[in-house]
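One structure is given below, encoded as structure tokens.
Just so it is clear, none of the values below were taken in a lab; they were calculated from the coordinates. Because the structure is a prediction, the values reported are computed rather than measured. Every residue, glycine as well, gets a Cβ built from its backbone with ideal geometry; the counts of neighbours run over all protein chains shown.
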Amino acid sequence: MSIYRLALWSRMKSPWIYHINTGSCNACDIEILAALTPRFDVERFGIKLVGSPRHADVLLVTGPVTEQMAERVKRIYEQVPQPKFVIAVGTCACSGGVFRGGYTIKGGVDTVIPVDVYVPGCPPRPEAIIKGVVLLLQKLKGEAK
Amino acid sequence: MSYAVDLLFGPQHPALHEPERFRFKVDGEIIVDVDVKIGFIHRGIEKLAESKNFIQNIYLTERICGICNVAHTLCYVQAVEDMAGIEVPERAKYLRVIVHELNRIHSHLLILGVAAELLGWETEFMYLWRDREAIMDIIEDVTGNRVTSAFNTIGGVRRDINNTQKERMLKVLDKVEKDTRFHKKVLEEDPLYRERMVNMGVLKTRDAIERCAVGPTARGSNVDYDVRAHDPYAAYDEIPFNVIRYKECDSWARMMVRVDETLESINIIRYALKHLPGGEIRVKVPPRLPAGEGLSRVEAPRGELIHHVFCKGDVKPYRLKVRTPTFANILAIAPTFIGHTIADVPAILVSIDPCFSCTDRLTFVDVSSGKVMKLSLGEIKRMYWSR
Ligand code: SF4
């Protein structure tokens, strides 16, 4: 087993996520937190919320990208060690949502950084967010084969 | 010799769930000065509102803040009703109160949990959020969605509730009340929690009034101010309830106000369910509204919320002005950081329940010189829109 595949395998068992709010209305953020708490409990998949992008494998991005946050999102993305993955949570993060057309809104997250999985919904239910993470894990599994 | 060092806190910081920046001047561990920079997630909602019609704006104002969304829609629809002189049916008023209070319970349990998490007490966070899920279930049962549901609409509410839902709600409320009493005991007695929260960020009653603090932040400083009691809207003039106040003026008092308000909200909902009048739940409203202006004040979970709508006889508002509670509280609380250590920052900050998604404002900066300006609407028009 090559080192790369070993790393991929371990990442699949326990992806660490880092959450960035780029201008969301907070509803998506609380649903992400709700997904971590006992009712939904994503920690059983080994998923853990970490406090620094340098420890993270996966970025969860919520909200439309505002002018002020665009540079910062890019910088945070660059701080995540390779290989890195991005999940856009919420309609805002996918496309800009209701805020599309605002004078400070750049649009969805994919206008700034590459996105692997889109989770639409306003806000998506915690189940949907978990599904997004599981989809990403399946994608990784495909790579591992 | 001592000298102060600038310490930046944010915009991305694990203790802040939203991007904001604080610049602390620290002398060793002690904070000697603080400067708040907001605006990272300014989305230009007031401007966007001018391009959408009155109905679309319900959904837009709901997304000013995803946590106190019911307060925002309620405040907005009341402002529009005030402007157009629309009378809302009695039943709708009671239903509005019920959902508004459910929203308050969910918001208070949420911030109590987040506060515990920020102090490193993850067990309590998990327990509080587990109990909060019961409330999310009844919100979903009544409104159709867990979080954003646009329950309030211009002229009334969108959905009615039936007897089975009522029964279910009462049963869940009993459970939530029991849980909340348990948490109250825990938060009151836990020595570590008290150690971190008591005497933190003391905001004296006089200062709270002078700096215009609102909501639980003001009531934790023993200020008797609650819009529900002092300028009743919806059905609050018919429902008896207490305004919760604490005399301690510190972070702990502000958190305990929220615990007691949760219990009070449960009683309000019980009363409203018992005295729910019959009849229609909404009146029809034409899309084009007459010219005028309307103002509405609502007690959101974080404090007083104001929406102000102008219309020039169109399907869209001419101007929507929103004034949110955190904007008042953050300025009131900022000076109280001084004299505390860096480690206490989260404990003080979380006690005002900061919500920046509704707070972020715009300042104009002349990019070439870096000068910050204040411009009137007329000047902006002249500078940018005359082109
Ligand atoms: S997708 Fe909806 S809930 Fe999520 S941040 Fe955007 S407006 Fe808020």
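Points worth noting:
- Taken residue by residue and averaged, Cβ atoms of other chains lying within 10 Å of the Cβ of B:146-156 number 2.
- Largest mean-square fluctuation among B:Asn163, B:Asn152, B:Asn103, in a Gaussian network model of chain B whose springs join Cα atoms under 10 Å apart, belongs to B:Asn163.
- Using the Cβ-Cβ distance between B:Asp207 and B:Asp237 with R0 = 41 Å, the FRET efficiency computed as 1/(1 + (r/R0)^6) comes to roughly 0.85.
- Taking the longest Cα principal axis of chain A as reference, the axis of helix A:67-79 is set at about 10 degrees.
- Between A:Arg100 and B:Lys37, the modelled labels are 3.2 nm apart [label points 7 Å from Cα along Cα→Cβ].
- Amide H contacts of B:Arg158: B:Thr153, each under 5 Å away and 5 or more positions distant or on a separate chain (H built 1.01 Å from N in the peptide plane; Pro and chain starts excluded).
- Test item: A:100-106 mean partner chain Cβ contacts at 10 Å: 5
- Mean partner shielding of peptide A:64-75, defined as the number of other chain Cβ atoms within 10 Å of each residue Cβ, is 3.
- Residue-span extension gain [B:Arg158 to B:Ala229] - 0.36 nm each, minus C-alpha spacing: 23.0 nm
- Cross-link pairs exceeding 26 Å in C-alpha to C-alpha distance, out of A:Lys48/A:Lys139; A:Lys106/A:Lys141; A:Lys131/B:Lys178; A:Lys48/B:Lys37; B:Lys93/B:Lys321, comprise A:Lys106/A:Lys141; A:Lys131/B:Lys178; A:Lys48/B:Lys37.
- Percent antiparallel among DSSP beta bridges (both partners in the protein assembly as shown, rounded to 5): 70
- Taken about its Cα centre, the protein assembly as shown carries a charge dipole of roughly 1520 debye when the Cβ of each Lys and Arg holds +1 and the Cβ of each Asp and Glu holds -1.
- Separation in nanometres of the label points that stand 7 Å from Cα toward Cβ, at B:Glu293 and B:Lys178: 5.3
- Given +1 at the Cβ of Lys and Arg, -1 at the Cβ of Asp and Glu and no other charges, the dipole of segment A:3-144 around its Cα centre is 320 debye to the nearest 20.
- Members of B:Lys274/B:Lys312; A:Lys13/A:Lys74; B:Lys184/B:Lys204 lying beyond 30 Å, as alpha-carbon distances in this model show: B:Lys274/B:Lys312
- Here segment A:3-144 is described by how far its Cα atoms reach on the three principal axes: 46, 33, 26 Å, from widest to narrowest.
- Total charge dipole magnitude, segment B:182-262, about the Cα centre, Cβ charges on Lys, Arg, Asp, Glu only, Debye to nearest 20: 260
- Expected-Rg normalisation [2.2 N^0.38 Å, Cα atoms] applied to segment A:99-145: 1.46
- Distance between the pseudo-spin-label points of B:Glu189 and A:Gln138 (7 Å out from Cα toward the beta carbon): 4.9 nm.
- Taking the empirical scaling 2.2 N^0.38 Å for compact globular proteins as reference, segment B:45-331 has a Cα radius of gyration ratio of 1.00.
- Burial ranking of peptide ranges A:69-77, A:119-127, B:118-126 (average Cβ count within 10 Å, highest at the top): A:119-127, A:69-77, B:118-126
- Above 31 Å, the calculated P(r) of the protein assembly as shown contains 47 percent of its Cα-Cα pairs.
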